[in-house]
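For reference, the structure is listed below as structure tokens.
Nothing in this text is a laboratory measurement; each read-out follows from the coordinates by a stated rule. No experiment lies behind these values; they were computed from the predicted model shown. For neighbour counting, all protein chains shown are included, and Cβ atoms are generated from backbone atoms with ideal geometry for every residue, glycine included.
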Amino acid sequence: MLSGVQGMVGETAVVTKAIDGTHHPGRIRARGEEWLAIPLDPSERIERGVSVVVADIERGLLVVYAIDE
């Protein structure tokens, strides 16, 4: 079992500040904390309020993709 940031892969979170591609990280709320995040698809924009899944960690940023609930 992984702990810390590595243990977040696969967890669901909510976007609190829009993510606008790889070069404009946004923020997500996961585990009761705010984290910087970028999209799995480098050109994707994910709006505030959208649920996402953490797919990976890259350069200290969480890599996420949007999900339909």
**Report entry** Distance-filtered residues of region 23-60 - backbone nitrogen under 13 Å, label point 7 angstrom along T16 Cα→Cβ
**Finding:** 26-37, 49
**Report entry** Sequence of D68, D41 once ranked by neighbouring C-beta atoms within 10 Å, starting from the fewest
**Finding:** D68, D41
Requested in this report: Treating each Cα of region 4-66 as an identical point scatterer and ignoring solvent, apply the Debye formula and state log10 I(q)/I(0) at q = 0.13, 0.15, 0.23 Å⁻¹.
Outcome: -0.24, -0.32, -0.80
Report task. Output the relative contact order of the chain, whole-number percent, from Cα pairs under 8 angstrom with separation of 6+ residues. Result -> 31
